[in-house]
Amino acid sequence: MAAAHRPTPELPEHLRALYDRFPFDRSVADDPISGVRQFRSDPKAAEVAGIFAATLAIGNTTSIRGAFAELVRRADGDLVTNLVDAAPRERRRRLEGFRHRWIRADQMAYLACRLHEQYATGGTLETAFAAGLRVGGFAAGLDALATVLRGPDPADAPPGYRVLFPSPLDGPESACKRMTLFVRWMVRTEPPDLGIWTTVPASELRIPLDQHTYWIAYHLGLTSRRTRSWRTVEEVTAALQLVDALDPVKYDFVLCHTGISGDCPKHRDLAVCGPCVVRPDCRLWRGRRAA
Ligand code: SF4
């Protein structure tokens, strides 16, 4: 059996160099978080915008940004007043015909209803997540968040709604990428994240493992798993905790957008890979020299 690929001992320095040189302005403008950041001055509006945008985070970044912008347009720029706190009939009117991939208007209306009910109890999505976190760690926090968003009665939810909010406690198959992404946006204080939630430490975060982040994590030796499961999330996060225990997902945005932007061709290309700062750690260059 071939030995597992491991990054070099210099990986932390290489990741720091990647981060320091990264063109954040270019990639933030391309990322769905750019739409959420316009609400960051109001914690409730930011939380609401974040969960809608994260729920829509299926497909490429252009289509996700477009779907979220369409949602904001339909709410006249105020998702809290005109969707979350609106009467059911008004929600339906504003959302009629909305669609992004397989996500439909009735599912968005039901999400708005779930949010309204959570805020009506005096709670927030932060209080729901933090309560779960205190009891059983990050996975339990996500489970508590999923429970609030799914609602109390499966029979009430529109078809296909509940699967939009997976929990790691359902089983290890899902990486729960959109849920972990939402929590990262809310918790980390360093841009591009919003730092809205103050009761959840960044050290507790888990990596939002999309296809780009997984590809590079695997090729840097942060995991040897061949599927994007919750176990892979935990393994990649554990490897990144060795790099930065207080902020293990610090490099998530950079690793993800290295793939999205095409900065990494995902194959050996001397012209691109030659100056790549993580090339010494990259599985594709194991035992090879760029010269
Ligand atoms: S060396 Fe090339 S393939 Fe490997 S991570 Fe860097 S750019 Fe991507």
Q: Can you send over the carbon and sulfur percentage of the accessible area for the chain, probe radius 1.4 Å, protein chains only?
A: 52 percent
Q: Sticking to Cα atoms, compute the Rg of the stretch 125-236 to one decimal and its Dmax as the biggest Cα-Cα distance, whole number, in Å.
A: 14.3, 44
Q: Pop out the ³J(HN,Hα) list for the stretch 191-198 in order, Karplus 6.51 cos²θ - 1.76 cosθ + 1.60 with θ = phi - 60°, rounded to Hz; leave Gly and Pro as x.
A: x, x, 6, 9, x, 7, 7, 10
Q. Where does helix 105-120 land angle-wise versus the long Cα axis of the chain, in degrees 0 to 90, nearest 10?
A. 80 degrees
Q | Signed unit charges on C-beta, dipole axis of the stretch 190-287, positive-most listed residue Val249, Val233, Gly274 | A | Gly274
**Q.** Nearest-0.05 FRET efficiency for Arg231 and Arg93, computed from C-beta distance (R0 35 Å)
**A.** 0.20
**Q.** Estimated 222 nm signal from helices in the chain, with DSSP H stretches of n ≥ 4 weighted -39500 (n - 2.57), rounded to 500
**A.** -15500 deg cm²/dmol
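The values are calculated or read from the model by the stated rules, or taken from the named source; none is laboratory data. Predicted model only: the values in this text are computed from it and were never measured. So basically every Cβ, Gly included, is an ideal-geometry build from the backbone, and we count neighbours across all protein chains shown. What goes into the accessible areas is simple: the full protein's heavy atoms, side chains included, and nothing from ligands, DNA or RNA. Shrake-Rupley method; radii C 1.70, N 1.55, O 1.52, S 1.80 Å.
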